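Okay, structure first, notes after.
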Amino acid sequence: MDTSSIDKTEIDKFKNLAKEWWKHDGKFKTLHKFNPVRLEYIINTIKDHYSINQKNQLPLKGLSILDIGCGGGLISEPLARLGAEVTGIDALEKNCITAKIHAKENNLNIDYLNTTAEELNKNNKYDVILNLEVIEHVNNPKNFIKVCSDLVSSNGIMFVATINKSIFSLIFAKFMAEYILGFLPKGTHDWNKFLTPEDIYSFFIQNNFDVISNTGINYNPLKDEWFMSKRMSANFIVSGKKN
């Protein structure tokens, strides 16, 4: 049975978007605004988990991080700047090329690979694994998380960020975001592939992880700002620790 998580129809959607990754006013402008909020959660969770001194200028030095579905490197780069040894993988070669060029231009040593989690050497283990806005684009989410879990080192942590499968997300994260506000290109998401926080908790538990914490990431249209809150009816992140 083919257990690959790659959905070719999903990849095709992004082929024409790869060159847009680093344009702050381009098709990924919403992601650029969204990024600092999820980075804050990720970095603070890593620091807390590994008891890192908050004043350390390179707080992530010595940690290996795997960024799955890295795109153009919007998450990989800031983590590398904080000292982490970052590997970014993406199923789309154009994204990897974009990411490599931008990292080189900024003198950052990031290992970008045009591959999938299934194809990575299972002997490689990472202190932190990031699955950010990836799981809603794969064929078999349960198997995908199992594969990713095998790549996490003992006591390592994994982040899963996605969109809740709710009526609210159907209206605002899908219809409004793509067809009215233009936050995302039309057809970016399939609501039927969205997952609930309970789905993610279940995947963690099934793979011998303890859930560390979670947060919702919400949008204030009056301020044109993204912020963290307890409301997880649309975008949310869950972090878990491997036992």
Exercise. Quote to one decimal, in nm, the extra length available between D210 and K23 on full extension: 0.36 nm per residue of separation minus the C-alpha distance between them.
Key: 63.6 nm
Exercise. Please say if segment 57-96 is rounded, prolate or oblate, where rounded means a/c under 1.5 for a ≥ b ≥ c the square roots of the C-alpha gyration tensor eigenvalues, and otherwise the choice is prolate for a/b larger than b/c and oblate otherwise?
Key: prolate
Quiz prompt | Given K100/K193; K29/K122; K142/K223; K122/K193; K27/K241, the pairs whose alpha carbons are separated by over 32 Å | solution = K29/K122; K142/K223; K27/K241
Quiz prompt | Amide H contacts under 5 Å for I212, placed H, 5+ residues apart | solution = S239, G240, K241
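We did not get these values from a lab; they are worked out from the coordinates using the rules stated. Worth saying up front: this structure is predicted, and the values here are computed from it rather than measured.
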